[in-house]
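Engineer: Handing you a structure now.
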Amino acid sequence: MSELIETIARAIQDKKAKNIVSLDLSAFDGAVCPAFVICNADSTTQVEAIARGVEEQVLEKLGEKVWRVEGLNNGVWVVMDYGDVLVHIFQTELRDFYKLDELWADAPATHYASEE
């Protein structure tokens, strides 16, 4: 799973996303999956580009297909399901509104460098 998270994070970095973080949810009984990767971007175009970049790089490097993608048609919040990892790609305003990072504030977090 760590290789998947790292590949996702690199793909997100390549598309210049902001505030990239992975949350380890494995210790939480009510968690929908063991890990989240969360980031944001300032436009629908960039949100969609990040999602497509993640899908391409994970398939190319790990041979793993995304199970399901939701939100590509509107580009404000895209969720990508890789089974053990959910990727959340937000437009900045929506990330500030939903505050997933705060909802899971007790989870161990890994922050990745991003261009700000």
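No lab work stands behind these numbers, since they all come straight from the coordinates. What you are looking at is a predicted structure, and each value in this text was computed from that prediction instead of being measured. Glycine also receives a Cβ, built like all others from the backbone with ideal geometry; neighbour counts cover every protein chain displayed.
Engineer: Out of the residues in the stretch 90-115 meeting the condition of being part of a helix (DSSP H, G or I) and among the aromatic types (Phe, Trp, Tyr), tell me which one is surrounded by the most Cβ atoms within 10 Å (Cβ to Cβ).
Structural biologist: Of all residues in the stretch 90-115, those part of a helix (DSSP H, G or I) come to 92-98, 100-103.
Remaining after also requiring among the aromatic types (Phe, Trp, Tyr): 97-98.
Values: PHE97: 10, TYR98: 14.
If we take residues in the stretch 90-115 being part of a helix (DSSP H, G or I) and among the aromatic types (Phe, Trp, Tyr), then TYR98 is surrounded by the most Cβ atoms within 10 Å (Cβ to Cβ).
Engineer: Take the stretch 98-112 and flag every residue that is touching a Phe, Trp or Tyr at 6+ places or on another chain (Cβ under 9 Å) and more than 20 Å from ILE5 (Cα to Cα).
Structural biologist: TYR98
Engineer: Further question: Quick one: in the stretch 72-82, which of the residues that are under 13 Å from the mean Cα position of the chain (by Cα) and of a type outside the set (A, V, I, L, M, F, W, C) is surrounded by the fewest Cβ atoms within 10 Å (Cβ to Cβ)?
Structural biologist: The extreme case among them is ASP81.
Engineer: A further question follows. Given the structure, is VAL87 buried (at least 22 other Cβ atoms within 10 Å of the Cβ), assigned to a strand (DSSP E or B), under 10 Å from the mean Cα position of the chain (by Cα) and touching a residue at least 60 places away in the same chain (Cβ under 8 Å)? Explain how you work it out, then say what you get.
Structural biologist: On the way: buried (at least 22 other Cβ atoms within 10 Å of the Cβ): yes; assigned to a strand (DSSP E or B): yes; under 10 Å from the mean Cα position of the chain (by Cα): yes; touching a residue at least 60 places away in the same chain (Cβ under 8 Å): yes.
Yes, satisfied.
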